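Read the figures in this text as sums done on the coordinates, not as results from a lab. Predicted model only: the values in this text are computed from it and were never measured. Positions of Cβ are backbone-derived with ideal geometry, glycine not excepted, and every protein chain shown enters the neighbour counts.
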Amino acid sequence: MDNSSEIQSAETAVASSVVTDTSDAETLVVVSKVKKLVRSRAGLNTSQCCIDALTRKVVEAINGGIESARKSGRKTVMGRDIA
């Protein structure tokens, strides 16, 4: 396999690894820090469904950023790609 074929295979693997079903996404936020922030700002507890909802939001933002970077011809997702 030549180098261009390896790169194409890697790009295909990365493209297929984009999370589309957020129900299977691992937690992408630091739970203890989220809980600490909520408690310090409002004195409230934080449920697991709140953490799950935040993870879904993170996945959605990342997926949008990936698409934006690709449309711009870049291989790096930047802050400006996150809506």
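Within straight cross-link reach of K36, meaning Cα distance under 21 Å, which lysines are found once same-chain residues fewer than 8 apart are removed?
Those lysines meeting the cut-off are K57.
Label points 7 Å out from Cα along the Cβ direction at L44 and V29: separation in nm?
Going from the L44 label point to the V29 one covers 1.1 nm.
Out of the trypsin sites (Lys or Arg not before Pro) in segment 45-83, which ones are loop residues according to DSSP with at most 12 other C-beta atoms within 10 Å?
Passing both the DSSP loop test and the Cβ count: R74, K75.
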